[in-house]
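Below is one structure, written out as structure tokens; comments come after it.
The values are calculated or read from the model by the stated rules, or taken from the named source; none is laboratory data. These numbers were taken from a predicted model, which means no experiment stands behind them. Here the Cβ is made from the backbone with ideal geometry for all residues, glycine too, and neighbour counts use every protein chain on show. Accessible surface is based on the protein model in full, side chains and every heavy atom, while ligands, DNA and RNA are left aside. Shrake-Rupley method; radii C 1.70, N 1.55, O 1.52, S 1.80 Å.
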Amino acid sequence: MRLAVVVQRYGLEISGGAELHARLVAERLSSRHAVTILTTCARDYVTWANEYSPGVSSVNGLPVYRFPVRRPRDPEKFGRLQQRVFDHPHGDAEARAWLDAQGPYAPRMIGWIRAHREHYNFFICFSYRYWTTAEAMRAVPGQAILVPTAERDPAIAVPLYRAGFRDARAIVYNSHEERAMIAVQAHNEDVPGDVVGVGIVDPPASHSPPGVEASTHGNAPSSAATSRFRARRQIEAPFILYIGRIDENKGCAQLFRFYEAAHDRLVASGQVPPHLVLAGSAIMPIPDHPSIHHLGRVDEEEKYDALAAADALVMPSFFESLSMVLLEAWALGRPVLVNGHCDVLEGQVRRSNGGLYYRDADQFSECLQLLSTDQRLRKRLGEGGRDYYMSNYTWPVIEQKYERLLGKLAVSSR
């Protein structure tokens, strides 16, 4: 088949979120199909400033068509319109103005899609909330496969999006919770789809058994990786690990409050609390605390070294559609501790038996104590997570689901 992947940003420098999801899926699908990427010249998701050159380039062997963003985001205007749309009754014109302000506003992309739609069997559109996805789906009715990457935030209830959820040729969901949430909003149960998700970037060779592809086999953390991380970072104490952008929107402010309270509680009871290690760029202050360590951004090898050395991964986000970092932890057999206010994270933990979840500071403290003192529990949860990852999120499983869905759509389109 000839497939076009539509996504708001694209590049090797973009290392997370829906954009990485789109790139990994596109590269895997290209082994069986002719895949083209349609995206913007933007690299930064806040400003949408044009940083890449327009035109055609190649990323990991795939053709990438980049279109300029006509105007960068105006944060003040966008914030004002978003407050109006999220908090008050509004009409379609106000919602359209908010969507245009959200961006990335790239009308040349949509014109190109309309002009070339007959060349492609399907357009796989990533992230429902962005202008590029909403307009691409309107431009190619009957050909748009939506990968919503939807979270339980206020945007999901904006009526503007309901038509896209209903009119998509098919929908590829990240989780059962995402599918149920969208069905409640759009009543789109008759739209074909499947819960598919995404695989992970293959761990470095140092984390894979000799001669075995990491994406198809779960890996136990190696003592060499643990030693390498501890020697490099001079962290000898047991620790829990956070990986990602250190941002209040990712639940990090609450994580810091809960961790400091749990730390003091464990010390007062005569126990030695695990440290908290953070890997990622910080856009909020990090507490000056002797047991909190900020590594900054790390490369893939050090990320997996840190996971191998950690007692558990912590994911404090309130809003997720899947969380690739959970899959990375489970691929190495590490247990996780997640925010139970995020139904996706709680659902993944319940189905996998791969970790614990908390909803308040007391529960966080109890979970931290359990994970730091019960080695058998950590091992059992890590094994549960790895089995769940192996059954649902290795690339052969993901690819098979895409191929099955594409095959059904091709037959029904004849």
**Asked** Normalised by the number of residues in the chain, what is the relative contact order in percent for Cα pairs under 8 Å and 6+ residues apart?
**Response** 12
**Message:** For the range 93-173, what does the relative contact order come out to in percent, with C-alpha contacts under 8 Å and a separation of six or more?
**Reply:** 30
**Item:** Whichever lysines have a C-alpha closer than 24 Å to that of LYS303, once near sequence neighbours (fewer than 8 apart) are set aside
**Value:** LYS250, LYS379
**Message:** If you average the alpha carbon positions of the range 160-200 and of the range 35-62, how far apart do those two centres end up, in angstrom?
**Reply:** 26
**Fill in**
The summed charge of the SER31 Cβ neighbourhood (under 12 Å; Lys/Arg +1, Asp/Glu -1) stands at -1
**Message:** Let me check I've understood the local charge: for GLU366, count other residues with C-beta under 13 angstrom from its C-beta, Lys and Arg +1, Asp and Glu -1. What total comes out?
**Reply:** -1
**0 to 90° range, to nearest 10: angle between helix 92-102 axis and the chain longest Cα axis** = 60
**Item:** Euclidean distance between Cα centres, the range 78-124 to the range 351-414, Å
**Value:** 33
**Highest-first arrangement of 42-49, 262-269, where packing means the average Cβ count within 10 Å** = 42-49, 262-269
**Complete:** To the nearest 10 degrees, the tilt of helix 223-233 (Cα long axis) against the first principal axis of the alpha carbons of the chain is 90
**Asked** Taking N as the number of residues in the range 319-383, what is its alpha-carbon radius of gyration divided by 2.2 N^0.38 Å?
**Response** 1.04
**Prompt:** Which of LEU405, LEU322, ILE283 sits closest to the plus end of the dipole of the chain, meaning its Cα is farthest towards the positive end, when Lys and Arg get +1 and Asp and Glu get -1 on the C-beta?
**Reply:** LEU405
**Prompt:** Roughly how many debye, to the nearest 20, is the charge dipole of the chain about its Cα centre, given +1 on each Lys and Arg Cβ, -1 on each Asp and Glu Cβ, and no other charges?
**Reply:** 1060
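Heavy-atom accessible area per residue, the range 1-106, 1.4 Å probe: how many Å²? Each step should come with its number before you reach the end.
Numbers: 4780 Å² over 106 residues.
That works out to 45 Å² for each residue.
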**Request:** Place a +1 charge on the Cβ of each Lys and Arg in the range 315-414 and a -1 charge on the Cβ of each Asp and Glu, then give the dipole magnitude about the Cα centre in debye, rounded to the nearest 20.
**Result:** 460
**Item:** Projected-area mean, the chain, by convex hull of Cα positions, square nanometres
**Value:** 20.2
**Message:** With angles folded into 0 to 90 degrees, how steeply does helix 107-116 sit against the dominant principal axis of the chain? Use alpha carbons for both and round to 10.
**Reply:** 60
**Fill in**
Here the Cα Rg-to-2.2 N^0.38 Å ratio for the range 1-136 is 1.07
**Message:** Can you order the peptides 186-195, 15-24 by their average number of other Cβ atoms within 10 Å per residue, highest first?
**Reply:** 15-24, 186-195
**Fill in**
For the range 20-95, Rg(Cα) over 2.2 N^0.38 Å is 1.48
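Per residue, how much accessible area does the range 335-412 have with a 1.4 Å probe, in Å²?
The answer is 44 Å² per residue.
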**Asked** Once the other residues with Cβ under 15 Å from the Cβ of HIS341 are scored (Lys, Arg +1; Asp, Glu -1), what is the net sum?
**Response** -4
**Prompt:** Where the accessible area of the chain is counted over protein heavy atoms with a 1.4 Å probe, how much of it, in %, is carbon and sulfur?
**Reply:** 50
